[in-house]
Amino acid sequence: MSHIKPFLCVLLHPGQEESGEGESCDNFTDLNLSHCFMGTSLYVRLLLYTRSNLDCGRELNHHYLSSQPLFNLARPTAFVIHGYRPTGAPPIWINHIVHLLAEQEDMNIIVVDWNKGAANLNYFTAVTYTREAAQNLTGFIMTMQEEGASLSSVHLIGVSLGAHLAGFVGANLKGKIGRITGLDPAGPMFTSATPEERLDPSDAMFVDVLHTDMNSFGLRGAHGHIDFYANGGADQPGCPKTIFAGKSYFVCDHQRSVFLFLCALNRTCSLTGYPCSSYSDFLDGRCLQCEAFKPASCPVLGYDVSQWRDTLLKLGETKVFFSTTATLPYRKLSYRVDMVTWNQYLRWGVVYIRLHSGRNFTEARIDHKLLRFEQYTSTRLLAQFDEDLQQVQKISLRISTGNVIGPRYKIRLLRIRFTPLDRPERPLMCRFDIIMEENMEVAFRPLPCNSHL
Amino acid sequence: MESNSWRRASMDNIELLPVTTNGNDGRVSASNGDGVPSRNADATERDALLTGQSTTSTGQNGQMLPDGNAAEAQRDLENTGIPHEISAVSRIKGELKEVIFWKVRLWMVIIFIFLLIFAVIIISLAACAASYKDPDEDFDPSLFKVPRYFNGSFQLPNLVFTEELSNLSTNKSQELAADFQEKLADLYRSSPALGRYFSKAEISAFRNGSVIADYQLTFLMPEEEQDQLRNFTLSREMVYNVFRQFLYDQEPDESKPMYIDPVSLIMFLTH
């Protein structure tokens, strides 16, 4: 192996290209499968991007920060740390995240390029390199501190293995870093890790984590002050269910965490997480209270956490849940639906709701479990619609009890009420005195629930 | 039928005709000629079935019965050497036919029984479903004795208030009151939840303010489960909203004289 390395170094000319002004841009190291096959040794490059050089990275010297005039230590600094690179290719989202972060705030964005090290067929080698890379990065941040930067203005954004790497950096700096964002922290080799051996809330003043693939490449459990679980944190909608889909079968769920975060940075999707003990409780509509965060709403995934930060630090580790659609803009529109029946006998069923606006409609199927309809008792459910219809003109409702033989039961509703959760400014919709045969759809015009009762 | 049997007979005739060349001309053709007009289809079939048996009795001694029919005679002539085999084969055939017939019958019976059981199940299920009495539709109005009153008012923006309307004894106001009483009664009677408890609706006065109508609703409820009815089905919220919903659903034609402004609806529970 050792005789190959010098040869590699000759081949691996750091990706440099001439920009228009004649100054050279430093790009993310591009490796290919053969490098991964042979293995790479760790080499950490720090590529600086600011609002004035968004498309042209500048490699920073680890020790002489002043050699790069664009690096302004008075501004906050965000580090973007990628994870394991089994193919050696640069992550497709690097440019994207740099641009979106620059939109949030005028800051230094440093892409931590440890592709040499992360690009390995052997995952375990990459895992051992995280410690070394973390040491390297810790040294750099300490230099920053010596030069006058404040640790609290440092934000580490780590993807997969990069999330643990960020955690190690945070631990090395005794948790004084401002914030660590972990995007689906890597699971393999970390499942039985102690908090010191992985990302945990003590690594920074504020740690927020997004989970999308806990059942394969992601890590189960809670690792931050706030843990967002997209669709329960495991299988994501729109991701292939079988191996026949090829590469995306493996990476789709895991990569979704990055896309959700990008989408949140872009503000095209506002994904509100509801604090809950489990995803099934969330789906049952049992966790739709946001009182703890008043006057703010429930936490929204994204860059700006200032509204919730103090509450979350007080609450301790909080798990929040939300559902998404399969594609951009990922957000679902949720309504809390309360129904009261007057049937003498208990009935069980699943509910299908459609909202109509003109010729458009959107459907929610609340069929993950049978709902209980008891006389004079409110049945609460969470209806999540893929589309956000501005003005709901008609609602159609169908209840199925799953009865194949026997009489067709009737469900008698005293009242049904729709509370828009994501848009508190919209009116509550009500309907009273509905009688419906099972499996038959009833359509009605909702009326505003009168508040002056 | 007649023509049919005739055709069959002539078929026999055609079949037999070439045989006549075998020698025994006179007899066969004679008997044939005799048989044709008198035979019917049944006779022909029976003859065909009987041949086997009759040959066993007659063919053994190589004799021909004088009154044997044409076919028999002809067959004997054709296969003089193997009368035994013919008889055995046809006997087996006969037996086989019989056994198969019985088996078919047996398994048809079994299928029939199954079908019957199935049909009985289906019919009973259908009967059960048809005769299912929804416990929620089963109630005894004679038990509904405890009254519950609601009072309130609504505004009729398209009517002009006159002195005539203020006095409920005038014709015009009585007519108008009757119209609204009917409207209210219809709306509550057709309500699935409230219909059974509804007793009457009265318009008690028309007041100035374009026109404001005061009304009273009376519901009757059973002694038992009174509390739950008060809290849910016959709550003010429910009675009020059933009315309000009706007003929201009405034709959005706001120029009609009977138009009630939904926002103006007020309702109180009267004790």
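The values are calculated or read from the model by the stated rules, or taken from the named source; none is laboratory data. These numbers come from a predicted model, not from an experiment. No Cβ is skipped: glycine too gets one built from the backbone with ideal geometry, and neighbour counts run over all protein chains shown.
Residues that are within 14 Å of A:L301 (Cα to Cα) and surrounded by 15 or more Cβ atoms within 10 Å (Cβ to Cβ) do not occur anywhere in the stretch A:240-255. When the stretch A:329-372 is filtered for residues that are among the aromatic types (F, W, Y) and either in a strand (DSSP E or B) or within 14 Å of chain B (Cβ to nearest Cβ) (or both), the ones remaining, listed by number, are A:Y335, A:W342, A:Y345, A:W348, A:Y352, A:F361.
Quick grid of which residues meet (1) at pLDDT 90 or above; (2) charged (D, E, K, R); (3) part of a helix (DSSP H, G or I):
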| position | (1), (2), (3) |
| --- | --- |
| B:S191 | yes, no, no |
| B:E202 | yes, yes, no |
| B:A205 | no, no, no |
| B:D214 | yes, yes, no |
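In the stretch A:233-258, of all residues being of a type in the set (G, A, S) and more than 11 Å from the chain's Cα centre (by Cα), the one that is farthest from A:F322 (Cα to Cα) corresponds to A:G246.
Among the residues of the stretch B:162-181, those that are among the small types (G, A, S) and part of a helix (DSSP H, G or I) comprise B:S166, B:S173, B:A177, B:A178.
Note on the stretch A:1-48: residues that are surrounded by 16 or more Cβ atoms within 10 Å (Cβ to Cβ), over 16 Å from A:N120 (Cβ atoms) and modelled with pLDDT under 50 amount to 1.
Within the stretch B:224-235, if we keep just the residues that are outside any loop (DSSP other than H, G, I, E, B) and more than 8 Å from chain A (Cβ to nearest Cβ), the residue that is surrounded by the fewest Cβ atoms within 10 Å (Cβ to Cβ) turns out to be B:D227.
Against the condition within 13 Å of chain A (Cβ to nearest Cβ), in contact with a Phe, Trp or Tyr (Cβ under 7 Å, 6 or more places away or on another chain) and among the small types (G, A, S), how does B:A193 come out, does it pass? Considered against the rule, which asks whether it is within 13 Å of chain A (Cβ to nearest Cβ), in contact with a Phe, Trp or Tyr (Cβ under 7 Å, 6 or more places away or on another chain) and among the small types (G, A, S), B:A193 comes out as yes.
Just one of the numbered conditions (1) over 30 Å from B:R189 (Cα atoms); (2) within 14 Å of chain A (Cβ to nearest Cβ); (3) modelled with pLDDT of 85 or more is not true of B:G152: (1). Hey, among the residues in the stretch A:324-375 that are exposed (fewer than 14 other Cβ atoms within 10 Å of the Cβ) and hydroxyl-bearing (S, T, Y), which one's nearest to A:S280 (Cα to Cα)? Here the answer is A:T327. Checking every residue in the stretch B:204-217 against the condition of being assigned by TED's automatic domain parsing to the domain that holds B:L156, in contact with a Pro (Cβ under 7 Å, 6 or more places away or on another chain) and surrounded by 13 or more Cβ atoms within 10 Å (Cβ to Cβ) gives at least one match.
Entry remark, the stretch A:183-208: residues being under 11 Å from A:H225 (Cβ atoms) and outside any loop (DSSP other than H, G, I, E, B) number 6 in total. Of the residues making up the stretch A:418-450, those that are under 24 Å from A:L346 (Cα atoms), out of contact with any helix residue (DSSP H, G or I) (no Cβ under 9 Å at 6 or more places or on another chain) and within 11 Å of chain B (Cβ to nearest Cβ) are A:I434, A:I435, A:M436, A:E437.
What about A:S297, is it surrounded by fewer than 18 Cβ atoms within 10 Å (Cβ to Cβ), outside any helix (DSSP H, G or I) and in contact with a Cys (Cβ under 8 Å, 6 or more places away or on another chain)? Judged against the criteria, A:S297 is a match. The one condition from (1) more than 28 Å from A:D235 (Cα to Cα); (2) more than 14 Å from chain B (Cβ to nearest Cβ); (3) over 29 Å from the mean Cα position of the chain (by Cα); (4) of a type outside the set (A, V, I, L, M) that A:Q375 does not meet is (2). In the set (1) buried (at least 19 other Cβ atoms within 10 Å of the Cβ); (2) out of contact with any helix residue (DSSP H, G or I) (no Cβ under 9 Å at 6 or more places or on another chain); (3) of a type in the set (D, E, K, R); (4) at the interface with chain B (Cβ under 10 Å from one of its Cβ atoms), A:K410 fails one condition alone, (1).
The residue that is farthest from the chain's Cα centre (by Cα), among those in the stretch B:156-190 that are within 16 Å of B:R244 (Cα to Cα) and among the small types (G, A, S), is B:A185. Here the condition is being closer than 27 Å to A:I94 by Cα, at pLDDT below 90 and not in a helix (DSSP H, G or I); of A:C287, A:C269, it holds for A:C269 alone.
Taken over the stretch B:240-271, the criterion of being touching a helix residue (DSSP H, G or I) at 6+ places or on another chain (Cβ under 8 Å) and in a helix (DSSP H, G or I) is satisfied by B:V242, B:F243, B:R244, B:F246, B:L247, B:Y248, B:P262. The single condition among (1) under 13 Å from A:F321 (Cα atoms); (2) in contact with a His (Cβ under 8 Å, 6 or more places away or on another chain); (3) assigned to a loop (DSSP other than H, G, I, E, B) that A:A222 does not meet is (2). In the set A:I416, A:I399, A:I395, A:I405, only one residue is more than 39 Å from the chain's Cα centre (by Cα) and β-branched (V, I, T); that residue is A:I405.
Taking the condition within 14 Å of chain B (Cβ to nearest Cβ), out of contact with any Leu (no Cβ under 9 Å at 6 or more places or on another chain) and of a type in the set (D, E, K, R), does A:R415 pass? Yes. Taking every residue in the stretch B:161-174 that is within 16 Å of B:D214 (Cα to Cα) and pairing it with any residue that is in a loop (DSSP other than H, G, I, E, B) and small (G, A, S), at least 6 positions away or on another chain, the pairs with Cβ-Cβ distances below 8 Å are B:F161/B:G209; B:F161/B:S210.
Here B:L247, B:L187 are screened, and the one residue that is surrounded by 15 or more Cβ atoms within 10 Å (Cβ to Cβ) and within 22 Å of A:T341 (Cα to Cα) is B:L187.
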